[in-house]
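First the structure, in the form of structure tokens, and then the observations on it.
The values are calculated or read from the model by the stated rules, or taken from the named source; none is laboratory data. As the structure is a prediction and not an experimental result, all values here were calculated from the model. Every residue, glycine among them, receives a Cβ derived from its backbone with ideal geometry; neighbour counts consider all protein chains shown. Note: accessible area is taken over every heavy atom of the protein model, side chains too, but ligands, DNA and RNA are not part of it. Shrake-Rupley method; radii C 1.70, N 1.55, O 1.52, S 1.80 Å.
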Amino acid sequence: MTAAAVGLCGLGSAALRAHLPALCRAEETGAAVIAGVCDPDPARSEMVVARTRRARPVPDVEALLDGSGCDLLVIASPPSAHLGAIAAAARRGVDVLCEKPLGVAEGDVDRLRELTAGQPSWLVATVHQYGHAAAWRVLERWLRVPARAGRPFRLEVEVERPGTDPLSAGGWRALGDREGGILGDHAVHYLALCHHLDNRSRVLDADNRGAPGRETAHVDLAVGPGTARIGVSYAGVRRRNLVALTLPDRGAELRWEDGELRRLRDGVPGRGRPVGALSDRQFVNDLYGALYDDLLGHRDDPAWRERQRRETVEVAGLLAAALRLSHGAS
């Protein structure tokens with residue numbers, strides 16, 4: 001496998017805490033080389049360059065695409081800048097891995113569809129790393145047979161945060177109208193997981209209340225023969241994540257709450273087992289390693305590329321629908 005030449009656009013907290021460690025490990029294994037970086041802050045660019053083998057800093061994404069020789073552009077800039085960078089890469093035929101979320105502005109999903117339709121072999125993938133968590137894989141396996149049989153299920157998600165991430169660069173998470181707010185920051189991860197369960201999932205209802213940076217929101221979805229409700233809040237008092245899958249006809253429930261996975265039968269809890277917690281920043285950052293292993297190991301697989309392209313557009317469509325409905329309810 002030839003090492004992918006990677007250009008890294010945007011050097012905020014996601015890049016420094018998650019992308020860069022994963023890419024540096026890929027450099028060590030020969031799977032990738034970081035060819036160039038860009039960021040509005042030159043000091044950040046210089047700091048990142050010092051941690052890589054051969055990357056050089058450039059002033060913007062156009063210079064990165066034209067001057068670094070990259071064949072994979074990683075976009076870790078604020079959401080409102082995503083689509084412009086994606087379009088610049090598409091014009092040059094450079095593959096893209098973009099941070100979530102996509103679909104935050106009117107017309108974004110249509111533009112994504114145009115870009116992917118115009119270049120059938122081009123790759124645009126999104127950072128939806130939660131699907132690589134071992135506990136989620138257990139939930140998927142647990143649901144596989146009932147879902148295929150058309151039996152009902154219920155997926156409940158609760159995310160609690162005491163405000164936006166204090167480690168985030170630039171404070172974009174509190175800019176709900178422009179950057180997607182809590183739906184684009186947290187709910188989109190679970191929209192992607194619902195899409196994993198059934199790629200025909202659709203948004204039924206959504207609501208968003210409260211001041212930017214302290215809002216509470218929910219999204220209701222139809223997911224195959226089941227339903228899902230995603231509740232997310234910046235108005236919490238702690239960091240907490242719950243994913244609960246219920247099979248009502250079996251009286252069975254599987255609960256992934258922070259660092260524990262537990263099965264219940266008729267409301268009686270069984271023995272729990274320790275797992276990684278989505279409320280743990282380091283665990284979430286470490287999932288990028290599995291995401292890059294998947295990406296770099298399958299970039300030459302046409303079927304995998306097509307699945308990623310579809311997921312990118314369709315999950316962006318789910319988020320756009322949720323944002324549209326939530327704006328109408330506010």
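Give region 50-60 a look and list any residue that's open to solvent by less than 30 Å² (accessible area, probe 1.4 Å) and among the hydrophobic types (A, V, I, L, M, F, W, C), or say none.
Within region 50-60, Ala55, Val58 qualify.
Residue by residue, here is whether (1) touching a residue at least 24 places away in the same chain (Cβ under 8 Å); (2) small (Gly, Ala, Ser); (3) part of a helix (DSSP H, G or I) holds:
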position	(1), (2), (3)
Gln282	no, no, yes
Glu311	yes, no, yes
Glu314	yes, no, yes
Ala322	yes, yes, yes
His327	yes, no, yes
Within the set of pairs 6+ apart or on separate chains, which have a first residue in region 113-141 that is more than 20 Å from Leu318 (Cβ to Cβ) and at pLDDT below 95, a second that is exposed (fewer than 14 other Cβ atoms within 10 Å of the Cβ) and not β-branched (Val, Ile, Thr), and C-beta atoms under 8 Å apart? Gln119/Gly93; Ser121/Pro302
Within region 64-82, residues open to solvent by less than 30 Å² (accessible area, probe 1.4 Å) and more than 15 Å from His19 (Cβ to Cβ) come out as Leu65, Ser68, Pro79
With over 24 Å from Arg25 (Cα atoms) and modelled with pLDDT under 95 as the only criterion, which of Ala63, Ala81 stands out? Ala81
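Residue-wise test of (1) at pLDDT below 85; (2) open to solvent by 10 Å² or more (accessible area, probe 1.4 Å); (3) part of a helix (DSSP H, G or I).
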{"site": "Gly150", "(1), (2), (3)": "no, yes, no"}
{"site": "Pro166", "(1), (2), (3)": "yes, yes, no"}
{"site": "Ile182", "(1), (2), (3)": "no, no, yes"}
{"site": "Ala192", "(1), (2), (3)": "no, no, yes"}
{"site": "Asn199", "(1), (2), (3)": "no, yes, no"}
What residue, among those in region 280-304 that are open to solvent by 20 Å² or more (accessible area, probe 1.4 Å) and small (Gly, Ala, Ser), is nearest to Arg161 (Cα to Cα)? Ala290
